Each structure stands twice: as C-alpha cells, then as structure tokens.
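The next block holds one structure in the form of structure tokens; read it before the comments.
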Amino acid sequence: MPAKYRVVVAGCGGMANRWVDYAIGRKDTEIVGLVDIKEEFAQAMAERKGLSCPTFTSLQTALVETGANLVFDITIPSSHYSIGKTALEQGCHVFGEKPLAESMEECLSIVKLAERTGHTHAVMQNRRYDGRIRALRKLLTDGHIGRTGFIGADFFIGAHFGGFRDAMSSPLLLDMAIHTFDQARYVSGANPVSVYCHEFNPPGSWYEGNAAALCIFEMSDGSLFNYRGSWCAEGAITSWEAQWRITGEYGTAIWDGNGEPYAEIVAPSDQTGKFIRDYVRIEGGLVQLNNEFHEGCLDEMFAALDEGRKPETDSSDNIYSMAMVLASLESARLGQKVLIADMMK
C-alpha cells in the first residue's frame, strides 16, 4: 500500500539532511524523489540515507514521474517562488524553508496560488517550536501582565560566517531578522501595522552591507515592538533566540533566550502611597512539546494536513512575518515610516 505522503525533496544541501531524517522516521511518509540542480548532490543524499528513490535535476519531471503529493522545498531563497509555483500547479502541498519568497509580489502570488489550488504551502519557522517561547506566550495569554504595551527583543551576536552573507547588502534583516519578527508575532498574537527602521554598519564590522538595525513596529493590538539587532557585536552576546522584555498593565515578562521565562507583577497587597511598588514573581516554566524546532514545526505541518486545516506557519499567515522584513528594508531605504498595508497591495 503506498504511503499517505509521497515526498519529493527539492534541494539536497546540508539543511536537507534534517528534513530527510524526519521524513524517514514517519510511517505514513515515503521519499519518492530527490531533486538538485547538481544531480550528484541528490545521488549523494540517496546513498547517505540509504534511499532507493530516483534522482532528478528537474522538479517538474520528478513530480510527473513519481506521483508525489508533497514537496519539501529546501532550495536557496531565490528558488522558493519557482519551486512553490511548480509544486502547487502540479497538485502538491509544499513545506519549505524560510523565506516564503524574495519579494512581496512573489509572496502574494504564492499565497493566492495556494488558495486557488486548495493546497497547503507552509514555511519553516522553527523558533516558534521551543517550549520556552511557548511558555513566554502563555504568561501573556494567561493575563498575568495584563494588556501588552511594549515588546522588546535584543539580538547581538558576532557571527563570522564568511561566504555570501559577508557580501549581502542587508545580512541581518534579510537572513536572520525574520526569526525574531515571527517570534514577536507569535508571542503577541498581533500583526504589524507599520515600521520605522534604521539599518547601519557599525565600526569593526566585517560585513560589506548593513549588519545592524533598529526597528519600531506598531502592532495591530496597539502595542509597540522594538527590535535591536547586530550580527557584528563582539562580546556579551545574546541568545540566538534574542532577549525579550514585555511590559503590560500589571507587570513585565522576561526571557533571556536561554533559561525559562518569568514575570514580575504588582503584588496583590495594598500598594497605596508607595513610590516603587512591591512585586511578585511568576515562573513561566516550560510548555512540553513532543518535538522542538525543525521537527516540532514539521509535526505541526503534517498534523494540519491530517486534520484538513491550515498549519500555524501557513504562507497566508507567514506573509506577515515576511512583510516585516521587506517593509523594514523599504523604511531604511526611504528614511521614513512604512505602512505594512502598502506592502501587501
């Protein structure tokens, strides 16, 4: 009996190993084809993972010859639009690495095509699937700090990648910031309304482009999200998950990106006349997940297909995280606030 999910993997570079290992571990899933523009990469993947499926250099050919119904898009960002379009038009669902696509026009086109075909297109946002950030969100949704007014995230890491990132015009915003932007949307439950962004390249940077940025987002719930980031910050680095401070009516939620989150709220005792009030601490703990990060996100994607619903990171939702990136770049270029709605037209 054929597997429920017949997968063609598009892109057989290093990141594909994690996706392939996950698929191999599912009883309802079979990898029926491997695609790469360099077929020797696809053949090497097949040998490395003990797969007997055919290899291809054309996704179109692979889909026709294998009868696949699901594509893993693990190609480079510039290929995401063409891979997604081809797969959706051939009647396949698509699970892909971020970003959704490279331009807002392409992102909107993929969302509309998925809606028109009735197939799922979902994006890997692995940092949502972390028991710690889920616990941070729960501190807010449980009402401990009241209505949120401010969300701040700091990301400061001295990352010596070498290679293409060193030559990018906006390496932080284009390659990394979407993770923190998507986390902010997840934690707040709100979407962006506008952004003012200033990006720059600090002294001592080894990047050709702007490796640092400051962003102020107005969010749909009335709160402000402030992102401060640098990829050339030496010393006292933050977590890759960023450092978070969220203030509300009754107190503040904190997550350093490493340990467990907590909140400090105004103590229930009489605070009359006190200049600085007394506070009590509420531990956030952890939200238990069967799998975290990549595997956790893939769990959700497959569960959504099984249940006939949109996954949490469906492209129709993820487009707002992508809009935060593209609007930030536009704001920095223009030197003024940009409305997200103008980017979505």
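The values are calculated or read from the model by the stated rules, or taken from the named source; none is laboratory data. Quick caveat, the model's predicted, so the values are computed rather than measured. No Cβ is skipped: glycine too gets one built from the backbone with ideal geometry, and neighbour counts run over all protein chains shown. Quick note on the areas: whole protein, heavy atoms, side chains included, nothing else; ligands and nucleic acids left out. Shrake-Rupley method; radii C 1.70, N 1.55, O 1.52, S 1.80 Å.
Side notes on the structure shown:
- Those lysines that a straight Cα-Cα span of less than 27 Å connects to Lys138, excepting residues fewer than 8 apart in one chain: Lys98, Lys310
- Other residues with beta-carbon under 11 Å from the beta-carbon of Ala44 carry, at +1 per Lys or Arg and -1 per Asp or Glu, a net charge of -1.
- For segment 56-99, the spread of Cα positions along the three principal axes, ordered from largest to smallest, is 27, 20, 14 Å.
- With Cα atoms, 0 to 90° folded angle of helix 315-334 axis to the chain main axis: 60 degrees
- Per DSSP, loop trypsin sites (Lys or Arg not before Pro) in segment 1-55 with at most 16 further Cβ within 10 Å: Lys4, Arg26, Lys27, Lys38
- Accessible surface calculations at 1.4 Å, restricted to protein heavy atoms, place segment 101-234 at 38 Å² per residue.
- Kirkwood Rh and Cα Rg combined as Rg over Rh, evaluated for segment 229-345: 1.07
- Two-decimal Rg to Rh for segment 106-197 - Kirkwood Rh, Cα set: 1.02
- Pairs of alpha carbons in segment 52-181 whose separation is greater than 26 Å (percent): 42 percent
- Taking every alpha-carbon pair within segment 194-233, the share separated by more than 15 Å comes to 45 percent.
- Within straight-line reach of Lys337, meaning a Cα separation under 23 Å, sit the following lysines at least 8 residues removed in sequence or on another chain: Lys345.
- Measuring nothing but protein heavy atoms, the accessible surface of the chain at 1.4 Å probe radius is 50 percent carbon and sulfur.
- Rg over Rh, two decimals, segment 39-122 (C-alpha only, Kirkwood Rh): 0.99
- Scanning the chain for GluC sites (Glu not before Pro) lying in DSSP loops with no more than 14 further Cβ atoms inside 10 Å, the longest uninterrupted stretch between such sites is 1-207.
- Accessible area of segment 287-342 divided out per residue, in Å², using a probe of 1.4 angstrom: 43 Å²
- FRET efficiency for Lys310 and Leu224, using Cβ-Cβ distance with R0 set to 25 Å, rounded to 0.05: 0.35
- Size of charge dipole - the chain - debye, nearest 20, with Cβ of Lys, Arg +1 and Asp, Glu -1, no other charges: 360 debye
- Val287-Ser78 pseudo-label distance in nm [points 7 Å out on the Cα-to-Cβ vector]: 3.8 nm
- Centroid-to-centroid separation of segment 35-87 and segment 101-154 [C-alpha atoms, Å]: 27 Å
- Along each principal axis, Cα extent of the chain, largest first, Å: 76, 44, 39
- Summed side-chain charge close to Asp270 - residues other than Asp270 whose Cβ falls under 14 Å, Lys, Arg +1, Asp, Glu -1: +1
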